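The values are calculated or read from the model by the stated rules, or taken from the named source; none is laboratory data. Being a predicted model, the structure only gives us computed values, none of them experimental. Note: ideal-geometry Cβ built from the backbone for every residue, glycine included; neighbour counts use all protein chains shown. The area values use the complete protein model at the heavy-atom level, side chains included, leaving out ligands, DNA and RNA. Shrake-Rupley method; radii C 1.70, N 1.55, O 1.52, S 1.80 Å.
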Amino acid sequence: MGRPRLGAALLAAGSSRRFGEADKLCAPYKGRMLAEHAARAIPVEAFENAWVIAAAPGHPCEGTWRQHGFLPLINPDAALGMGTSLALAARAAMEASLDGLLIALADMPLVQGSHFEALIRGYDGPEAIAVSAIGEVRMPPAIFGKAYFEALANASADTGARGLLGAGRVAHCPEEWLKDIDTTSDL
């Protein structure tokens, strides 16, 4: 069996309501826009396809995302919840006949490339799920085998993949790497 054909989806279509008026993905963080950190850390060379799921074309981060190898996919239903972005990514993975799909969040700037590589190593077939965790709470970034694509493509707008994450095998990393930025004080 050859190397699995994996895809990566960076979810960046959230409304950032808790952050205030500004688009949090454009907020300066450690000398870059917040959303650039995840795009830089994901080893796109390990993936057949890499997408960033955005709410609208022309996002200020689009040039950076493209520079780091991510093709924007526009989610016209983004306002309904993260599950719609997850579903769009899963449909793209099915159309590309991929074996697995990495789901990462653009508002998690501290995840290191080594953790994404550990998740890739944790993928061991079409029925595999490799997840991140803080204690007992499992979360993205995560890789889902193709056996889960249909369930992801039908994910509810507000719960997304929560039900599937519990079945995943944990790729451990320092908990602080999994911090997401929701408010200006998180920066």
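Here are the numbers:
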{"read-out": "Accessible area of Trp177 in the full protein assembly, 1.4 Å probe (Å², nearest 10)", "value": "60"}
{"read-out": "DSSP beta bridge pairing in the chain, given as percent antiparallel to the nearest 5", "value": "40"}
{"read-out": "With at most 14 other Cβ atoms within 10 Å, longest stretch of the chain clear of loop GluC sites (Glu not before Pro) (DSSP)", "value": "22-126"}
{"read-out": "Reachable lysines from Lys146, criterion Cα separation under 28 angstrom, eight or more residues apart if same chain", "value": "Lys179"}
{"read-out": "Of all DSSP beta bridges in segment 1-99, antiparallel share, percent nearest 5", "value": "15"}
{"read-out": "Apportionment of accessible area to carbon and sulfur, the chain, percent (1.4 Å)", "value": "51"}
{"read-out": "Global size of segment 40-158 as Cα Rg and Dmax, reported in angstrom", "value": "13.7, 38"}
{"read-out": "Most fluctuating residue given options Val131, Val52, Val44, as computed from a GNM of the chain linking Cα atoms under 10 Å", "value": "Val44"}
{"read-out": "The chain, accessible area per residue, ligands and nucleic acids excluded (1.4 Å, Å²)", "value": "47"}
{"read-out": "Theoretical ellipticity at 222 nm over the chain - DSSP helices of four or more residues, -39500 (n - 2.57) apiece, nearest 500", "value": "-6500 deg cm²/dmol"}
